Amino acid sequence: MSEAPDPRPTGEPVGRSGGVPVIEFRGVGRTYSGRPPVAALKPCELVVRTGEFLTVTGPSGSGKSTLLNVLGLLDRPTTGTYLLDGLDTGALGEPARTALRGRRVGFVFQSFHLLPHRTALENVELGMVYNGTPRSARAGRARAALVRVGLGHRLGALPTRMSGGERQRVAIARALVHRPSLLLCDEPTGNLDTANTGLVLDLLTALNADGMTVLVITHDPDVAAHGTRTVTVRDGVLAEAGPGAGAGAGPGVRVDANGDVGAGAAVVADPMPTGRGGGVG
Ligand SMILES: Nc1ncnc2c1ncn2[C@@H]1O[C@H](COP(=O)(O)OP(=O)(O)O)[C@@H](O)[C@H]1O
Ligand SMILES: [Mg+2]
């Protein structure tokens, strides 16, 4: 009976395979108005459960960022229902969506978005200024998050003196201080060399092993192969690419893990265009 926008669904069956749904799309689509309108994300079904590491791949302009913006409550779908942690996000006003985003979603972007003249510790602390974390608690939580990403020895370093991989780990720490249930990453390794890409992927994999649900958008088939599951977006059409994308699970069209595709859902048996991606691992 609580009105607080913080519910785990009660009485819902626990997921058949893995955890409960974190993300549940029911016919979710996003069309940008204009002449002509752009159907950037065609109506689709998608269920992502706790503990999954989902990678999303597809060509430029295919709708990946549109998907991420909807998932992260930065934008509203123009059709369909989006449940985040069981909560119907479409029924919420902007203040409730902002609060939900602050508590449940962490963001990591290609270009880090760190303040250059603030230390790593300050950058992570600043992420807590607007979410109601008491000032007295901020430094300790920021330090713990930086230790978690392997930067306990770099608390006082400025981003301008850090490698790209270190900067991205600061950005990940900043996302972690909110203890999100979902970590959304848009091309997190897009600005990194191979070695730093490996470090960031190892970190995301470790966070996922600790129970964090992770979603990574990427152009890179080797990065996509790090997921426990991959979906593709092509011309706004979301499709399942099979577990790990490179793991030879076949082009399953398991868009909804419940096996219920639903009317009007975008379902295309078009596996990753990269084939096996060359990643033998
Ligand atoms: N705010 C917007 N208004 C109109 N069209 C948009 C807007 N944002 C993206 N688009 C269009 O939607 C499509 C998908 O874009 P996007 O989601 O950014 O793709 P990706 O991230 O895969 O490169 C593209 O055709 C793009 O031009
Ligand atoms: Mg994009």
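The values are calculated or read from the model by the stated rules, or taken from the named source; none is laboratory data. This is a predicted model, so every value here is computed, not measured. All Cβ positions, even for glycine, are placed from backbone atoms using ideal geometry, and neighbour counts span all protein chains on display.
List every residue pair whose Cβ atoms lie under 8 Å apart, where the two residues are 6 or more positions apart in sequence or sit on different chains, the first residue falls within the range 112-132 and is of a type in the set (Phe, Trp, Tyr), and the second residue, located anywhere, is not in a helix (DSSP H, G or I).
Pairs that qualify, where the first residue is of a type in the set (Phe, Trp, Tyr) and the partner is not in a helix (DSSP H, G or I), are Phe112/Asn191.
Pull out all pairs, ordered by first then second residue, where Cβ-Cβ is under 7 Å, the residues are six or more apart or on different chains, the first lies in the range 47-75 and is closer than 16 Å to Thr230 by Cα and within 12 Å of ligand 1 (Cβ to nearest atom), and the second is among the hydrophobic types (A, V, I, L, M, F, W, C) and in a helix (DSSP H, G or I).
Val56/Leu67; Thr57/Ala224
Among the residues of the range 49-63 satisfying the criterion of being within 18 Å of Leu201 (Cβ to Cβ) and not in a strand (DSSP E or B), which is farthest from ligand 2 (Cβ to nearest atom)? Quick ask: steps written out before the conclusion?
To start, the set of residues in the range 49-63 that are within 18 Å of Leu201 (Cβ to Cβ) comprises 51-57.
When the remaining residues are screened for being not in a strand (DSSP E or B), the result is 51-52.
Working: Gly51: 25, Glu52: 21 Å.
Residue satisfying both the conditions and the ranking: Gly51.
Here's the yes/no breakdown for (1) surrounded by 17 or more Cβ atoms within 10 Å (Cβ to Cβ); (2) at pLDDT 95 or above:
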residue	(1), (2)
Gly90	no, yes
Arg101	yes, no
Phe107	yes, yes
Asn131	no, no
Arg135	no, no
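Applying the selection to the range 183-199, what residues are part of a strand (DSSP E or B) and surrounded by fewer than 22 Cβ atoms within 10 Å (Cβ to Cβ)? Quick ask: steps written out before the conclusion?
Filtering the range 183-199 for residues part of a strand (DSSP E or B) gives 183-186.
Matches in the range 183-199: Asp186 only.
Checking Glu94 against (1) under 20 Å from Arg30 (Cβ atoms); (2) in contact with a strand residue (DSSP E or B) (Cβ under 9 Å, 6 or more places away or on another chain); (3) charged (D, E, K, R); (4) away from ligand 1 (no atom under 16 Å from the Cβ), which test does it fail?
Glu94 satisfies every listed condition except (2).
Within the set of pairs 6+ apart or on separate chains, which have a first residue in the range 173-200 that is under 16 Å from Leu215 (Cα atoms) and away from ligand 2 (no atom under 16 Å from the Cβ), a second that is of a type in the set (S, T, N, Q) and part of a loop (DSSP other than H, G, I, E, B), and C-beta atoms under 7 Å apart?
Pairs that qualify, where the first residue is under 16 Å from Leu215 (Cα atoms) and away from ligand 2 (no atom under 16 Å from the Cβ) and the partner is of a type in the set (S, T, N, Q) and part of a loop (DSSP other than H, G, I, E, B), are Thr197/Thr189; Val200/Thr189.
Hey, can you tell me all the residues within the range 23-48 that are basic (Lys, Arg) and within 16 Å of ligand 2 (Cβ to nearest atom)? Talk me through it step by step, then tell me what you get.
Of all residues in the range 23-48, those basic (Lys, Arg) come to 26, 30, 35, 42.
Selection gives Arg30 alone.
Asp75 - would you say it is more than 16 Å from ligand 2 (Cβ to nearest atom) and either of a type in the set (Asp, Glu) or modelled with pLDDT under 95 (or both)?
Working: more than 16 Å from ligand 2 (Cβ to nearest atom): no; either of a type in the set (Asp, Glu) or modelled with pLDDT under 95 (or both): yes.
So Asp75 does not fit the description; no.
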